[in-house]
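The values are calculated or read from the model by the stated rules, or taken from the named source; none is laboratory data. What you are looking at is a predicted structure, and each value in this text was computed from that prediction instead of being measured. All Cβ positions, even for glycine, are placed from backbone atoms using ideal geometry, and neighbour counts span all protein chains on display. Each accessible area value is taken on the protein alone, full model and side chains, heavy atoms only, with ligands, DNA and RNA left out. Shrake-Rupley method; radii C 1.70, N 1.55, O 1.52, S 1.80 Å.
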Amino acid sequence: MNQEKIMKAKMVTAIFIALAAVVAVFVFAGLYFDQCRMNRLEYIDRYEENILLAAEEIDKYNEKQTDYDLHYNMVLSDLGAARSIIFLIDDYTEKQKIINELHYCFVKYPSQMREKLADSSKALHDIADHLDKGYDEAKEIVDSINKLGN
């Protein structure tokens with residue numbers, strides 16, 4: 001009889017520990033998914049901030065029309081940062097392709113992109129304002145570049 005009480009106590013303890021472990025798994029899973037969501041939102045905020053910085057840099061150049069190389073390099077830097085950050089966002093695949101192509105055009109075809117700065121600024125402002133037409137405008141800019149030229 002004494003042996004049965006000891007075994008019963010051990011089983012109750014084991015069941016309690018198992019339930020506590022299951023609850024702990026659910027709590028940590030919930031914390032993990034919440035942190036993933038917060039990270040995603042932070043990546044989106046940083047991406048949009050870099051897009052806006054690139055657009056503002058183009059606007060600064062368009063206003064002053066001086067120091068083209070500095071402003072152009074700042075745009076390249078901001079687009080490069082946006083391109084790196086958008087890579088970390090899961091469901092932005094099509095948007096990522098367009099930003100990659102736009103950044104590529106700025107890197108490879110600076111003389112052609114100089115003529116497209118106003119359009120690029122408008123597209124980037126639209127993207128920063130959460131308008132999907134900004135991506136369409138950026139795609140049009142990329143498609144209008146003569147990739148066989150310089």
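Taken together, the residues in segment 47-56 that are among the acidic types (Asp, Glu) and within 15 Å of the chain's Cα centre (by Cα) amount to 2. Take the residues of segment 42-101 that are within 17 Å of ILE141 (Cα to Cα) and in contact with a Phe, Trp or Tyr (Cβ under 8 Å, 6 or more places away or on another chain): which is surrounded by the fewest Cβ atoms within 10 Å (Cβ to Cβ)? Checking each candidate, the answer is GLU94.
Counting only residues that are outside any loop (DSSP other than H, G, I, E, B), of a type outside the set (A, V, I, L, M) and out of contact with any Lys or Arg (no Cβ under 8 Å at 6 or more places or on another chain), segment 77-104 holds 10 of them. Consider ASP59 carefully, then state whether it is under 23 Å from the mean Cα position of the chain (by Cα), outside any helix (DSSP H, G or I) and of a type in the set (Asp, Glu). No, not satisfied.
Against the test of being among the small types (Gly, Ala, Ser) and touching a residue at least 60 places away in the same chain (Cβ under 8 Å), the options ALA55, ALA14, ALA24 yield a single qualifying residue, ALA55.
Which of the residues spanning segment 106-150 are of a type in the set (Lys, Arg) and either more than 13 Å from ALA54 (Cβ to Cβ) or in a loop (DSSP other than H, G, I, E, B) (or both)? Selection gives LYS108, ARG114, LYS116, LYS133, LYS139, LYS147.
Pick from segment 18-41 the residues that are open to solvent by 70 Å² or more (accessible area, probe 1.4 Å) and charged (D, E, K, R): which of them is farthest from MET113 (Cα to Cα)?
First, pick out the residues of segment 18-41 that are open to solvent by 70 Å² or more (accessible area, probe 1.4 Å): 19, 22-23, 25-28, 31-33, 35, 37-38, 40-41.
Pick out the ones that are also charged (D, E, K, R) and you get 37, 40.
Working: ARG37: 36, ARG40: 31 Å.
Here the residue is ARG37.
Among the residues of segment 109-120, just one is open to solvent by 80 Å² or more (accessible area, probe 1.4 Å) and touching a residue at least 24 places away in the same chain (Cβ under 8 Å), namely ARG114. Taking the criterion of being of a type in the set (A, V, I, L, M, F, W, C) and in contact with a Leu (Cβ under 6 Å, 6 or more places away or on another chain), would at least one residue in segment 105-113 satisfy it? Within segment 105-113, one or more residues are of a type in the set (A, V, I, L, M, F, W, C) and in contact with a Leu (Cβ under 6 Å, 6 or more places away or on another chain).
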